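The values are calculated or read from the model by the stated rules, or taken from the named source; none is laboratory data. All of these numbers come straight from a predicted model, not from anything done at the bench. Cβ placement follows ideal geometry from the backbone for every residue including glycine, while neighbour counts extend to all protein chains displayed. When the accessible area is computed, the model is the full protein with side chains, heavy atoms only, and any ligands, DNA or RNA have been set aside. Shrake-Rupley method; radii C 1.70, N 1.55, O 1.52, S 1.80 Å.
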Amino acid sequence: MKQGQIATPSAYTIVSHGSVTLQNTKFSFSNSGSLNSNLAILQENLNGIVNGSAVTFAVRPAGSNFAIDISADGRSYRNSISSPAQTVFFPDFDMSSYDILLRLVAMYPDTPVSALIPKQTGILSTATLSPQADVQGTLAGKAISVHHTSLTIGSVVSELYFSPRNLILEVDVPSQTFAIVRENFQLQQPPPPPPNQAPATQQQ
């Protein structure tokens, strides 16, 4: 996330991209968006390819709602859903979403936060953070103290590990046995996998 020159003064530009290959899924995405000075969504444009099929998901404010335009499987869809003031756009595997979430919570510590998930025609869900004890890790070979919090969105609980400056370092999803890890970061004592499941596969 970096500050940039766009239509709204003191706003932020977000540019992210990635690709993931799992056993039955090949997924790549690119996202470009902008936020105002309060980290509220001004626009989001997500382009993805899922198992060879192109998908686009665009979001913009429209009064008290989000206007959503979707293209998938050669068809176009449009939807409108409510737009809570503190909302984070949450594509799968997009680490920038967690950076924005942590900064938003730091700015508004007592305000509920929502996650806008670009699935179906747009899913809005409460994002709840439960702080845990700090842990130790290394970043580029240097020892650091790492904050830890549990994030619940819908029925999915993720474990977030981040720096004192709210830089996301690792996201673990125990129920799905995988983790996304920032390059050159390593937890000193990685959390154990959930009972009766195989160890998580860490992906950069």
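For this structure, a couple of remarks:
Yes or no, residue by residue, for (1) in contact with a Pro (Cβ under 8 Å, 6 or more places away or on another chain); (2) modelled with pLDDT of 95 or more; (3) among the aliphatic types (A, V, I, L, M):
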| position | (1), (2), (3) |
| --- | --- |
| Asn51 | no, no, no |
| Asn65 | no, yes, no |
| Tyr77 | no, no, no |
| Val88 | no, yes, yes |
| Phe93 | no, no, no |
| Ser114 | yes, yes, no |
| Gln120 | no, no, no |
| Leu124 | yes, yes, yes |
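- Exclusive hit being more than 15 Å from the chain's Cα centre (by Cα) and either in contact (Cβ under 8 Å) with a residue 40 or more places away in the chain or over 22 Å from Val156 (Cβ atoms) (or both), set Tyr108, Tyr98: Tyr108
- With respect to the stated conditions, Ala72 is farther than 23 Å from Arg165 by Cα and over 18 Å from the mean Cα position of the chain (by Cα).
- Where strands (runs of 3 or more DSSP E) fall wholly inside the stretch 152-202, no range has 2 or more residues that are at pLDDT below 85.
- Cβ pairs under 8 Å, 6+ apart, first in the stretch 34-52 and on the phi > 0 side of the Ramachandran plot, second open to solvent by 60 Å² or more (accessible area, probe 1.4 Å) and of a type in the set (A, V, I, L, M): Leu39/Met107
- The one condition from (1) in a strand (DSSP E or B); (2) farther than 23 Å from Gln176 by Cα; (3) not aromatic (Phe, Trp, Tyr) that His148 does not meet is (2).
- Test for Arg182: is it exposed (fewer than 14 other Cβ atoms within 10 Å of the Cβ), basic (Lys, Arg) and more than 13 Å from the chain's Cα centre (by Cα): no
- Some residue of the stretch 118-134 being closer than 19 Å to Val15 by Cα, in contact (Cβ under 8 Å) with a residue 40 or more places away in the chain and open to solvent by less than 20 Å² (accessible area, probe 1.4 Å): no
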